[in-house]
Every structure is written in structure tokens, then in C-alpha cells.
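The values are calculated or read from the model by the stated rules, or taken from the named source; none is laboratory data. All figures in this text were calculated on a predicted structure; none of them were measured in a lab. In this analysis, Cβ positions are derived from the backbone assuming ideal geometry, glycine residues included, and neighbour counts consider all displayed protein chains. The accessibility values were calculated without ligands, DNA or RNA, using every heavy atom of the protein model including side chains. Shrake-Rupley method; radii C 1.70, N 1.55, O 1.52, S 1.80 Å.
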Amino acid sequence: MVKQIKSYSISIRRNEDSYMNFIIEMDNSLTVIDALDEIRKKIDSSITYRHSCHHGSCGTCACIINKKERLACMCFLNEFEDNKIIIEPLTSFKIISDLVVDISTMINKLEGSTYLRESEIGKDSIKPNGILNWNRFENCIECGSCVSACPVKSDFIGPANLASIDREISKQTDEKVIKNLKNKAFKNNGVDACDKHYLCSKVCPTKVYPGKHINNLRKIKSKN
Amino acid sequence: MTHNNNHVVIIGGGGTAIAIMYDLCLRGFKVTLIEKGELTSGTTGRHHGQLHCGARYAMGDKNIAKECMIESAILRNIAPNAIEYNMGMFVALNDDDMQYKDLFIQSCLDADIPAREIPTSLAFEYEKELNKNIKASVLVPDGTIDPWRLAISFAAGALKTKNAEIKTYHEVISINKKFNNIESVTVINHITHKKEIIKADAFINAGGPWSGKIAKLADIDLSVSPSPGTMLAAKKRISNMVVSRLHKAGDGDIIVPQRQLTIIGSTQWISDNPDINRVPQEDIDFLQQSAIDIFPSFKYLEYHTAWAAARPLFGKHNNTEDVRNLSRDFATIDHKINDNIDNMISIVGGKATTLRAMGEVVSDLLCKKMGLDIQCQTSTIILPNYREYYRRGYNGQTN
Ligand SMILES: Cc1cc2nc3c(=O)[nH]c(=O)nc-3n(C[C@H](O)[C@H](O)[C@H](O)COP(=O)(O)OP(=O)(O)OC[C@H]3O[C@@H](n4cnc5c(N)ncnc54)[C@H](O)[C@@H]3O)c2cc1C
Ligand code: SF4
Ligand code: FES
């Protein structure tokens, strides 16, 4: 890939449904989040957006970029051949300001007694004293992309929450807790509300494949 | 506990500012934190993610190493959901590296870090992708941090006390003095586009690499050099442990695995601007080769991304008295001493791993200045889950 400085036209949805257009010169190996930083620093210090890690791990920067849910920090400028980028906030969440949405409505409902899971590599290897299992963080970075992309908008607890229920069932040993989790998944606003569009799995940036978890829960339900 | 209804404004919303807020809130202060973007949108969110047990610093500075050991153990206890704890390994790749081995182990032990040499055959059992030519390997208690979730756990803890007010998307644009006191700060609310004046009894500048610019708003000359570094992430996790080169701490010698990624870092250059908008290609090439030296199969991993962030490096200051804790890698500056301003403190430097200690030191200094005798409680209280930050009212301006 050849690094080039190119001019980009970046349209950002501001409050009250108005869009603001910015023209900036950027190194095409950088990302949309770098472009937003550059606009904020050089042109308009008032644009508001969320970001933290710049490498696809925190989940704060999800937006709709050219009509698709994306992590702005993992969206490289060189993929936009016509150099035109439209950035909008996620749908399904209340907009706080510009690209900032109130993601708490999703996060408050997520299950998870721990954010850690067993690492898939080195499972059978010897481990040092004090390490029972190699562990790592969950795949879900709680970005909200799946919830935004899901076409089912009425009374549905949403793909991220269902995925978190399925993950938690696999970690739990306490039958009572498992039963509670299943009850949540099998309520009317749970798996049955899913219309099987599976856009969640398409947009998820970290391979959670919420659709797969939803189907897993369906299987458990049919066995019950 | 001493009665305390003092109001403190903290400028900045990185790990340092958030940890200070948490500590002060537990001591009963009312705290307003002001951050121009999202929390941790400066250096904190972007760091490499190593929970330093201190081994990296053992040969260079025993005090820093000791502090990292203590703090990493505390964080593992109080913030378990923000840390992958799989330990770490230092590997010697050549005869040059081998020269440091005994000194390295002894220096770790001197700093109370339980470093232990293990047979290389065992090292390959732990980490199958390791370079088969390694000459020695030493086990240490390193780990991986989720930078955002660690800092946010502290923010959740602060909100839980009901003493914290977090104003994100608020930028401090002036610091208003009256005689030898800071009376207020003027902030611009980027959500409403309106200006606000916020008064307080004391002000803390925790602006990381921006802290020099912030000090300037109060006509204070604080010498801070933003010192950026690059990190490179590859798709796929190559190891469970943090793996570092056993030699004198340098560039590109730490590999931090995280979730499904392998992250190699870092480099270091000096910039006069804390806002970093470039990732040098030579850094990326260098980091890739350095990773391959340790894990040959890194070569076949798909590029994920590369990014850079600026360390807040504390520069010289004329008066030694006003700079505390030179034995640490952060400096706490009481602006009364050099700059004749009674109620402002700056803190510069440090690491994500030592955020809690930085909170403690600044809060101790503030209590001392105000004649309050209130003890720090942050080392033993288990922090709430980071998700509590949202539950307690994330809406850009939490109360
Ligand atoms: C490349 C690199 C790798 C690193 N790796 C590690 C590691 O592996 N482990 C580790 O422990 N540490 C690591 N560190 C160190 C660690 O990241 C930093 O020491 C730490 O994050 C600094 O936090 P801070 O809160 O002091 O600064 P910052 O996080 O930068 O916070 C300062 C905040 O102030 C805000 N601000 C600035 N001006 C204003 C204003 N006028 N008004 C309002 N807000 C303002 C900024 O937006 C910013 O969010 C690394 C650092 C770098 C650069
Ligand atoms: S499941 Fe994927 S898309 Fe949905 S919130 Fe989690 S990381 Fe984001
Ligand atoms: S900034 Fe963390 S995922 Fe994009």
C-alpha cells in the first residue's frame, strides 16, 4: 500500500439533522477517527465524537460511515475511492451530541459476571504456578453497532444482550442462575423477537457473531 | 473523618485525572472533572496495554520498579475485569541479551519482583510460537490492561460516592486568577456551545501531554515534552503472556497480547505537539521486524492497525523543592512554591499502571495543603465493574 496525502470531503451529521461538510488533507493510511481528530484540531473544535483506543478495542467510536455501522478507528481512508465520507451517529440510541449517542441503554442490560473468558490458545499447555486458565477479555467491545444495524426496532432486547446471555450461560455452573438467564432470553422480547436478518453478525467488528449466539439460544429453547 | 466540603476542579479526563477524582471523592471532596473530549481520549486510551510489574524498569530505576510491582498487584485485586492476568516472560535472544540476565533477575528481586528463570523447554510449553533460538527466559507477573475499561472502573467508583461530576466535551479555555489564587476556570461546553465559569477551592492540572499548555493558561511555565510512540497490532493472538526482550529497555521490545490481537510497541520521538496525527512507516517496519525476532510467525499475521500516542515527559524545573517524588517517574508540582499560586497542583508523567498511586500522591498533597488529615482508601476497595459508569448516568455530563 502506498501512502499518499489526499483531499477528503467529510460530511458529519451535527445536531438537528443538519450535516456539516469539511475538506481536509490526510495521509490515506490513517483512519476516519484520525480525520475527525484533525477536523476538531484544525477546523472546528466543537465537533463531538467518542474515541479512546484507536485500535478497535474499546468500542467507543462506532458510527455509521457511508451507511454502514463501523468503528471509525478501524476505517482506513484509503478504502474510500471517491474520497467522500459521510459520518452519522448510530441509530437506536438517543443522540447526546453530533456523533455521541447514549449507549447506556444497551450496556445496562448486558449480562456478564466477569468480562474475562478462557483464551483459545494454549488450552492444553502447562501453565505457570498461579495461572489456572489462560484468560482474555470477551470479544464484545460493547460498541452498539449490532443494535444500530438490527432492523427489529420494537420491543427487542437486541443482539448484543442476547449474545451476552449465551456467553454467560456457557460460563455459569449455578443452575438457578442459568435458569434466570434462559428466562430472559426466552421472553417475548428475546430470541422470538429476532427476525433473522443477521445484520448484527455482519457489522460486528470483533467477530462476536451475535446471530450465532441467538441461534444457539433458539436451540436451547427448542430442547427445553 | 475530618469534615470536608471542599470543591476541587480537575482538568483532564485521562487515567491520571480519573484516579485523582476517585481518591478525592472517597476522601469527601466534591470534584468536578473537565475533559474536552470523551474520557481517556488523550494518551490513556491509546497506550500499549501492559500492566507493568516493574521488571522492565528494574535495571534502570529500582524505585519505579518497586512501585509498579505494588501497584500492579493492587490493580489486579481491585479491577479484575479490566486485566488479563497471564503473567509475562522476558526472553534473551542473543549473547548480548545474555549478559544482562543475572543483573536483570537480581535487580527484579531487589525491587521485590518475583522474577524466576525457567528452562527454555518450559518457555516453549507456555508459548508455542516463541523463537526456538531463545537462550534464556525469565517469568515475571506482568499482565494486559484494557486501557478504557480500567480507567472507567475508577470513574464508576467516583460516581458511586455521589461526590463526582464528570463534564466531558467541556474544554478549559482560561484559568482565572485573583491575587495568588485561582478563582475559576472558563470552559466551553462543546455540546451547547456555551461558555461556563466553574469556581472551586482548588484546581488540579492532570492534562497529560497537554499539561504544559494548560499551565500556560495560568501564566505558569511548566516544561512538558510530548514524547510520542507508535504501536502496531496484528490480527490474531500469538501468545497468552506479555513477552519482552531481556535487555536494556529500548524500542520495540514488548509484545502485549490482548483479546484476539497481538500488539508490539513502542517507539519514542519528541514532538512539540501533543496531538499526534501521523504514524511513521519506518516505525511500523521496525516494530514488525522486532516482533518477528521474538515470534517468527508474527510475519504471517495480518496487519490490524498502527497508531501513536504521546507520553507526557516531564522536563526540567528550576526549583527542586517544588517537584516531589523525583524517585517516581511522575512529578507532582505545587504551584505555590515556584509560581506563587496557592491552590493549584500539576501532575505530569507516570504510567497507566501507576494511576492509583498518582491519585494518592496528589490527594495527599492537597490534603496537606488544606490542613486536612484524611487517609487514602483506594488501595483496598474493590472498584465497581466498569459498566457501572454507564449505569450511573452516562450522558456526557454525569452527576
Ligand atoms: C506509546 C505509549 C505506550 C504506553 N504504554 C503503556 C503501557 O503499556 N502501560 C502503562 O502502564 N503505561 C503506558 N503508557 C503510559 C500511559 O499511557 C500514560 O502515562 C497515561 O495514560 C497518561 O495519562 P494522563 O491521564 O496523565 O494523560 P492523558 O490520558 O493524555 O489525559 C489528559 C487529558 O486531558 C485532556 N485535555 C487536554 N487539554 C484540555 C483542556 N484544555 N480542557 C479539558 N481537557 C483537556 C485531554 O483530552 C486528555 O484526555 C504508554 C504511553 C505511550 C505514549
Ligand atoms: S456484539 Fe459486536 S457489534 Fe454488538 S456490541 Fe458487541 S462488539 Fe459491538
Ligand atoms: S477508538 Fe476504541 S474501538 Fe475505536
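Tabulated results
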| item | result |
| --- | --- |
| Failed item in (1) over 13 Å from A:Val100 (Cα atoms); (2) within 8 Å of chain B (Cβ to nearest Cβ), with A:Thr48 passing the rest | (1) |
| Of all residues making up the range A:136-171, the number that are open to solvent by 30 Å² or more (accessible area, probe 1.4 Å) and farther than 13 Å from A:Pro210 by Cα | 7 |
| Out of B:Ser297, B:Ser290, sole residue that is among the small types (Gly, Ala, Ser) and crowded, with 17+ Cβ neighbours inside 10 Å | B:Ser290 |
| Among the residues listed as B:Ile345, B:Ile337, the single one being over 17 Å from B:Asp61 (Cβ atoms) and modelled with pLDDT under 95 | B:Ile337 |
| Among (1) in contact with a strand residue (DSSP E or B) (Cβ under 7 Å, 6 or more places away or on another chain); (2) within 13 Å of ligand 2 (Cβ to nearest atom) - the single one A:Cys150 does not satisfy | (1) |
| Criterion (within 14 Å of chain B (Cβ to nearest Cβ), more than 16 Å from ligand 3 (Cβ to nearest atom) and aliphatic (A, V, I, L, M)) met by exactly one of A:Ile126, A:Ile178, A:Ile165, A:Ile141 | A:Ile126 |
| B:Gly37 being facing another protein chain (nearest Cβ under 10 Å) and part of a helix (DSSP H, G or I) | no |
| Every residue from the range A:206-224 that is within 16 Å of ligand 3 (Cβ to nearest atom) and on the phi > 0 side of the Ramachandran plot | A:Lys207 |
| Where B:Ser227 falls short, out of the listed (1) closer than 21 Å to B:Met59 by Cα; (2) more than 12 Å from every other protein chain (Cβ to nearest Cβ) | (1) |
| Residue check, A:Lys41 touching a residue at least 12 places away in the same chain (Cβ under 8 Å) and either in contact with a helix residue (DSSP H, G or I) (Cβ under 7 Å, 6 or more places away or on another chain) or not assigned by TED's automatic domain parsing to the domain that holds A:Thr206 (or both) | no |
| Segments classed as strands (runs of 3 or more DSSP E), wholly inside the range A:1-117, with at least 1 members that are more than 30 Å from A:Asn180 (Cβ to Cβ) and open to solvent by 20 Å² or more (accessible area, probe 1.4 Å) | A:5-13, A:19-27, A:68-71, A:84-88, A:94-97 |
| Pairs with Cβ under 6 Å, 6+ apart, first in the range A:9-27 and more than 14 Å from chain B (Cβ to nearest Cβ), second open to solvent by 20 Å² or more (accessible area, probe 1.4 Å) and among the β-branched types (Val, Ile, Thr) | A:Ser9/A:Ile23; A:Ser11/A:Ile86; A:Phe22/A:Ile43 |
| Filtered residues of the range B:86-121 (kept if open to solvent by 30 Å² or more (accessible area, probe 1.4 Å) and either touching a Leu at 6+ places or on another chain (Cβ under 7 Å) or part of a strand (DSSP E or B) (or both)) | B:Tyr100, B:Lys101, B:Arg116, B:Glu117 |
| Failed item, numbered, when B:Ala249 is tested on (1) within 23 Å of the chain's Cα centre (by Cα); (2) closer than 19 Å to B:Asn131 by Cβ; (3) in contact (Cβ under 8 Å) with a residue 60 or more places away in the chain | (2) |
| Residues satisfying the stated conditions in the range B:81-116, i.e. within 20 Å of the chain's Cα centre (by Cα) and without any contact (Cβ under 8 Å) to a residue 24 or more places away in the chain | none |
| Any chance B:Ser211 is within 19 Å of the chain's Cα centre (by Cα) and surrounded by fewer than 19 Cβ atoms within 10 Å (Cβ to Cβ) | no |
| Residues located in the range B:37-56, provided they are more than 16 Å from ligand 3 (Cβ to nearest atom) and either over 15 Å from the mean Cα position of the chain (by Cα) or of a type in the set (D, E, K, R) (or both) | B:Ala55, B:Arg56 |
| Selected residue (only one of A:Val203, A:Val191 is surrounded by 17 or more Cβ atoms within 10 Å (Cβ to Cβ), more than 14 Å from chain B (Cβ to nearest Cβ) and within 16 Å of ligand 3 (Cβ to nearest atom)) | A:Val203 |
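For (1) out of contact with any Cys (no Cβ under 8 Å at 6 or more places or on another chain); (2) in a strand (DSSP E or B); (3) at pLDDT below 95; (4) under 30 Å from B:Lys128 (Cα atoms), each residue gets a yes or a no:
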| site | (1), (2), (3), (4) |
| --- | --- |
| B:Ile173 | yes, yes, no, no |
| B:Lys177 | yes, yes, no, no |
| B:Glu183 | yes, yes, no, no |
| B:Val187 | yes, yes, no, no |
| B:Ile214 | yes, no, no, no |
| B:Ser227 | yes, yes, yes, no |
| B:Met231 | yes, yes, no, yes |
| B:Ile238 | yes, no, no, yes |
| B:Gly250 | yes, no, yes, yes |
